[in-house]
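FYI, it's all coordinate maths here, none of it is from the lab. Source: prediction; values computed, not measured.
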Amino acid sequence: MILGKKVRLYPTKEHEQKLWQSVGTARFIYNWTLARQEENYKNGGK
């Protein structure tokens, strides 16, 4: 059986800034990797 839990966080302003910075970094890396994969696919790669 799979159980899930919901947790609510109340970060300080400093923690909130760090969380948003991490989200931005993850989004950048995801988009960068996706662009490389699409480019590779267009050039006949797998």
Ignoring everything except DSSP H segments at least 4 long, calculate the 222 nm mean residue ellipticity for the chain; use -39,500 (n - 2.57) per segment, divide by total residues, nearest 500.
-23500 deg cm²/dmol
Measure of size requested: the Rg and Dmax of the chain, with Cα atoms as the atom set and Å as the unit; please supply both.
17.6, 48
Can you tell me the 0 to 90 degree angle between the C-alpha axis of helix 13-42 and the longest principal axis of the chain, rounded to 10?
20 degrees
Stretched fully, the stretch from N31 through K18 gains (0.36 nm per residue minus C-alpha distance, one decimal, in nm) 2.7 nm
